[in-house]
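Written below as structure tokens is the structure these notes are about.
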Amino acid sequence: MFHANENYLKLPGSYLFSTIARKVNEFSQANPDKEIIRLGIGDVTQPLAPAIVKALHDAVDEMADASTFKGYAPDLGYDFLRKTICENDYKARGCDITEDEIFVSDGAKSDSGNIQELFMPGDRIAVCDPVYPVYVDSNVMAGRCGDYNKDTETWSNVIYMPTTMENGFVPEFPKETPDIIYLCLPNNPTGTTLTKTQLQEWVDYANKNNAVIIYDAAYEAYISEDNVAHSIYECDGARTCAIEIRSFSKNAGFTGVRLGFTVVPKDLKSKDGVSMRDLWARRHGTKFNGAPYIQQKAGEAVYSEEGKKQLREQVAYYMKNAAAIKNGLKDAGFTVFGGVNAPYIWMKTPDKMSSWDFFDYLLEKANVVGTPGSGFGPSGEGYFRLTAFGSYENTLAALERIKKL
Ligand SMILES: *Cc1c(COP(=O)(O)O)cnc(C)c1O
């Protein structure tokens, strides 16, 4: 008789977005005449840019021709893409990263969930609270988080670093020393980020404590302020303490195309001197057969002159929504954060309402869907997330409704 992995059975309740979908479904069935505007889920809505579409078509044509057909991709990624990434995302920003430290994958969700396999089950993780749910859940599945406390909604073996209005959404160094520190900057869900100076302090802290930082930079393309680092490798000493995860989903609309990459520098060594880069290469070789050629050609087009121009426009479109939401909510008297270096607006719920009460209120009274902050962790209680990924028209319409509440 086989046994289910008991670590999986420890995971509480249903996934946040399934609960939201159920509630929205129930509401729309009961109120078929009401038009619902969704500013909840973090998925893009703009179609793929022309430069990307062309690269996809061209790659398909190559696959249809016997002389250019491609089978399995190299499991670490095609050289043309690793080289392009290295030049544009790293060398151009003065980061000391080489092509063979870049691992192409099918996206940042897989990489951020899988990367924990490189560490021992007893290693302790620290996460910001609120947090992108993948970090903790993937460690729970690996048996690294201890037991779940239903009342506090926390795991006994996870170090939580609250990021709230009170500390300006800047995580403080924890009292207990973690082995693995997850940082998502610019942040999902709060839409806030750290300055380069603040990030440097975290790099110094990690080096001093022999900890590794897993740096999720999925929203790098949305950075608008000069004092914010686009890569953790802009900080001195990051090569010995940081792994960086990137995605093509949010900067280039690849949520349905699937492509991402992870950087593991050769200087990142465990306590026993093991190269984490070599371990990740081993893992890729064993469990991954390479991102598809067609997707990698599309990824290359992201860095072409045309691609860059078209994607800057796409990002600007979403950030115009972000500014509209932020300013509109401010004018309506709400307290709002984020929206400057990320497509997320993090608002305080009015009148000390709980996150879920505000969710219901907004759905019933304005027919607008957002995401309850408490779904991202206990310190998210009393906050609410709106995303800038809708259409401009819908975003403005949603704001009009919210202002009338
Ligand atoms: C959207 C998102 C990802 C997922 O990216 P994919 O490349 O689509 O898997 C990763 N991290 C964060 C914080 C995200 O919001």
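The values are calculated or read from the model by the stated rules, or taken from the named source; none is laboratory data. All of these numbers come straight from a predicted model, not from anything done at the bench. All Cβ positions, even for glycine, are placed from backbone atoms using ideal geometry, and neighbour counts span all protein chains on display. Surface areas here come from the heavy atoms of the whole protein model, side chains and all, with no ligands, DNA or RNA. Shrake-Rupley method; radii C 1.70, N 1.55, O 1.52, S 1.80 Å.
Sorted from largest down, what three extents in whole angstroms do the Cα atoms of the range 141-241 have along their principal axes?
That gives 41, 29, 26 Å along the principal axes, largest extent first.
Each residue of the range 285-291 in turn: what ³J(HN,Hα) in whole Hz from Karplus with 6.51, -1.76, 1.60 and θ = phi - 60°, glycine and Pro shown as x?
Karplus-based 3J(HN,Hα) across the range 285-291 equals x, 7, 10, 9, 9, x, 6 Hz.
Measuring from centroid to centroid over Cα atoms, what is the spacing of the range 224-247 and the range 16-61 in Å?
Their Cα centres are 30 Å away from one another.
As a check on your grasp of the helix formula, calculate [θ] at 222 nm for the chain: sum -39500 (n - 2.57) over DSSP H runs of n ≥ 4, divide by the residue count, round to the nearest 500.
Per the formula, -11000 deg cm²/dmol.
How much of the accessible area of the range 1-118, in percent, comes from carbon and sulfur atoms when a 1.4 Å probe is used?
Within the range 1-118, the accessible surface is 53 percent carbon and sulfur.
Leaving out ligands and nucleic acids, note down the accessible area per residue over the chain with a 1.4 angstrom probe, in whole Å².
Each residue of the chain exposes 45 Å² on average to a 1.4 Å probe.
Measuring from label point to label point, each 7 Å out along Cα→Cβ, what is the Asn88 to Asn167 span in nm?
In this crude spin-label approximation the distance works out to 3.6 nm.
When only C-alpha pairs under 8 Å and at least 6 residues apart count, what is the relative contact order of the range 336-390, in percent?
This gives 38 percent for the range 336-390.
Find how much the distance from Lys404 to Val53 grows on full extension, using 0.36 nm per residue of separation minus their present alpha carbon separation; answer in nm with one decimal.
In short, 122.3 nm is gained.
Is there a quick way to get the dipole size of the chain? I mean about its Cα centre, with the Cβ of Lys and Arg at +1 and of Asp and Glu at -1; what is the value in debye to the nearest 20?
480
Throw me the Rg/Rh for the range 1-88, computed over C-alpha atoms with Kirkwood Rh, two decimals.
For the range 1-88, the value is 1.17.
Is the shape of the range 217-365 rounded, prolate or oblate, going by the alpha carbon gyration tensor and its root eigenvalues a ≥ b ≥ c, with a/c under 1.5 for rounded and a/b larger than b/c for prolate?
In terms of gyration-tensor shape, prolate.
Past the 18 Å Cα-Cα mark, which pairs from Lys109/Lys150; Lys54/Lys308; Lys23/Lys403?
The answer is Lys109/Lys150; Lys23/Lys403.
Per residue of the range 67-83, what does 6.51 cos²θ - 1.76 cosθ + 1.60 with θ = phi - 60° give for ³J(HN,Hα)? Whole Hz please, x for Gly and Pro, Karplus curve as stated.
Each residue of the range 67-83 in turn: 7, 10, 4, 10, x, 3, 7, x, 5, 8, x, 5, 4, 4, 7, 4, 5 Hz.
Per-residue HN-Hα couplings for the range 366-375, Karplus 6.51 cos²θ - 1.76 cosθ + 1.60 at θ = phi - 60°, whole Hz, x for Gly and Pro?
So the J values, rounded to whole Hz, are 10, 6, 10, 9, x, 10, x, x, 5, x.
With equal scatterers on the alpha carbons only and no solvent term, can you work out the Debye log10 of I(q)/I(0) for the range 50-99 at 0.17, 0.24, 0.26 1/Å?
Here log10 of I(q) over I(0) equals -0.69, -0.94, -0.98.
Mind grabbing the base-10 log of I(q)/I(0) for the chain at q = 0.06, 0.10, 0.12 Å⁻¹? Debye formula, identical points on the C-alpha positions, no solvent, two decimal places.
Treating every Cα as an identical point scatterer, log10 I(q)/I(0) equals -0.24, -0.69, -1.00.
For the ranges 97-104, 261-268, 283-290, 149-156, what's the packing order if you count other beta-carbon atoms within 10 Å of each residue, average per peptide, and put the highest first?
261-268, 97-104, 283-290, 149-156
What part of the accessible area of the range 162-271, given as a whole %, is carbon or sulfur when the probe is 1.4 angstrom?
Solvent-exposed carbon and sulfur of the range 162-271 make up 45 percent of the total.
Specify whether the C-alpha gyration tensor of the range 269-349 places it in the rounded, prolate or oblate class, a ≥ b ≥ c being the square roots of the eigenvalues: rounded for a/c under 1.5, otherwise prolate if a/b is larger than b/c and oblate if not.
Since a/c reaches 1.5 but b/c is at least a/b, the shape of the range 269-349 is classed as oblate.
When the dipole is taken about the Cα centre of the range 1-113, and only Lys, Arg (+1) and Asp, Glu (-1) are charged at their Cβ, what size is it in debye, to the nearest 20?
620
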